[in-house]
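Peer 1: Below are the structure tokens for one structure; questions will follow.
Values quoted throughout were computed directly from the atomic coordinates according to the rules given, and no laboratory measurement underlies them. For clarity, every value in this text was computed on a predicted model and none was experimentally measured. All Cβ positions, glycine included, derive from the backbone under ideal geometry; neighbour counts span all protein chains shown.
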Amino acid sequence: LDESTPTQTLESRTLESVAKFINDGKSKRIVVMTGAGISTSAGIPDFRSPDTGLYANLARLDLPYAEAVFDISYFRNNPLPFYALAQELYPGKYRPTITHSFIRLLYQKGMLLKLFTQNIDCLEREAGVPGDMIVEAHGSFARQSCIECHTAYPDDLMHKAIHEKEVPHCLQKGCGGLVKPEIVFFGEQLPEEFFRNRTLPAMADLCIIMGTSLSVHPFAILPQYCEEGVPRLLINQEQVGTLGSRSDDVLLLGDCDSGVRKLAEACGWLEELEQLWEET
Ligand code: APR
């Protein structure tokens with residue numbers, strides 16, 4: 001990328017210019033968009049990284065294709081692979097990363113407009129980001145219900161089923177349908193809350209995208225909703241989506257935990273961030 005290209009809002013396409021933009025008080029409405037890459041250092045594999053990603057390691061479940069494990073029509077015929085995996089993915093045994101704490105720090109500084117996450121690990125909540133600041137675009141394990149009659153299924157029975165790797169069935173008389181956590185499978189609609197908030201990126205004065213391949217729609221379209229002239233900062237191991245195509249896009253390629261530390265340091269927040277993460 002030609003670093004010298006002058007841009008209307010940032011002095012240059014560098015992390016320092018984003019930090020200056022933030023410290024000049026020009027960013028009060030930051031929209032953050034995240035994916036599995038921000039939880040890999042917590043021990044949760046992402047999906048598409050070549051060797052370590054989940055999809056590269058599902059051979060033991062003999063699926064017709066990797067994404068079938070999250071496909072609603074495959075699940076209806078064979079829920080076992082999902083439930084074999086659910087125990088590993090179930091929230092509660094992972095600690096948020098410093099990247100999750102960075103998002104909480106933005107909230108604490110009154111700068112976070114909204115966090116859109118594709119993750120189902122609930123680590124954003126555990127890091128202290130309030131629920132009303134988070135759009136869980138692909139749902140979460142927080143609730144579960146019958147895929148046929150949509151009756152809610154009790155949490156305690158769900159925890160037991162997940163723990164014992166059993167497939168839970170609907171308790172409604174005459175139903176007996178399969179129960180599934182309310183995470184969005186391929187072939188299912190995203191939650192209403194996603195569509196209600198989808199235009200929020202147009203209100204942002206800074207957009208930070210972290211740890212996602214931007215390969216699944218409609219989430220992947222969100223960065224395009226940021227207005228021209230609003231800086232978009234990508235903190236990711238690789239360039240993704242259309243990031244880099246605008247004159248004030250800033251690409252910070254590499255590990256997100258070190259990327260947020262660099263940004264925090266440039267903003268003079270590193271000590272505060274480390275302390276916050278320490279307490280998590
Ligand atoms: N630091 C920075 N980037 C990272 C790190 C890290 N520590 N680890 C992984 N990444 C990057 C990868 O290079 C990749 O670009 O994060 C991205 C992860 O992409 P995916 O594995 O595709 O995860 P995600 O984008 O969240 O997947 C989207 O696909 O399977 C569906 O519904 C599922 O929500 C998921 C959706």
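Peer 1: Based on a Kirkwood Rh over C-alpha pairs, give the Stokes-Einstein translational diffusion coefficient of the stretch 209-280 at 37 °C and viscosity 0.692 mPa s in µm²/s.
Peer 2: Translational D for this selection: 245 µm²/s.
Peer 1: Next question. Nearest 20 debye, what's the magnitude of the dipole of the chain about its Cα centre given +1 on Lys and Arg Cβ and -1 on Asp and Glu Cβ?
Peer 2: 540
Peer 1: Let me ask you something else. Out of the trypsin sites (Lys or Arg not before Pro) in the stretch 144-189, which ones are loop residues according to DSSP with at most 13 other C-beta atoms within 10 Å?
Peer 2: Those that pass, being in a loop and sparsely packed, are Lys165, Lys173.
Peer 1: Now for a separate question. Using DSSP to call loops (not H, G, I, E or B), can you name the GluC sites (Glu not before Pro) in the stretch 74-164 whose Cβ has at most 12 other Cβ atoms within 10 angstrom?
Peer 2: Filter output for the stretch 74-164: Glu164.
Peer 1: Go through Pro130, Tyr94, Val32 and say which Cα lies farthest out towards the positive end of the charge dipole of the stretch 32-139; charges sit on Cβ, +1 for Lys and Arg, -1 for Asp and Glu.
Peer 2: Farthest towards the positive end: Pro130.
Peer 1: Suppose only helical runs count, i.e. DSSP H with n ≥ 4. What mean residue ellipticity at 222 nm does that imply for the chain under -39500 (n - 2.57) per run, divided by all residues and rounded to the nearest 500 deg cm²/dmol?
Peer 2: -7500 deg cm²/dmol
Peer 1: Please list the equivalent ellipsoid semi-axes of the chain, computed as the square roots of five times the alpha-carbon gyration tensor eigenvalues, in descending order and whole angstrom.
Peer 2: Whole-Å semi-axes of the equivalent ellipsoid: 36, 19, 18.
Peer 1: At most 14 other Cβ atoms within 10 Å and a DSSP loop assignment: could you name the chymotrypsin sites (Phe, Trp or Tyr not before Pro) in the stretch 58-122 that fit?
Peer 2: For chymotrypsin sites (Phe, Trp or Tyr not before Pro) across the stretch 58-122 that sit outside H, G, I, E and B with at most 14 neighbouring Cβ atoms in 10 Å, the list reads Tyr65.
Peer 1: Can you give me the orientation-averaged projected area of the convex hull built on the Cα atoms of the stretch 92-229, in nm²?
Peer 2: Numbers: hull surface 38.4 nm².
Computed as one quarter of the Cα hull surface, the answer is 9.6 nm².
Peer 1: Now for a separate question. Taking θ as phi - 60°, what are the ³J(HN,Hα) couplings along the stretch 59-70 by the Karplus curve (6.51, -1.76, 1.60), each to the nearest whole Hz, with x for Gly and Pro?
Peer 2: 3, 5, 9, 5, 8, x, 7, 3, 6, 4, 4, 10
Peer 1: Please give every one of the lysines within straight-line cross-link reach of Lys20, meaning a C-alpha to C-alpha distance under 26 Å, and leave out same-chain neighbours fewer than 8 residues apart.
Peer 2: Straight-distance partners of Lys20: Lys28, Lys109, Lys114, Lys262.
Peer 1: Calculate, for Cys175 and Ser245, the FRET efficiency according to 1/(1 + (r/R0)^6) with r their C-beta to C-beta distance and R0 51 Å; round to the nearest 0.05.
Peer 2: 0.55
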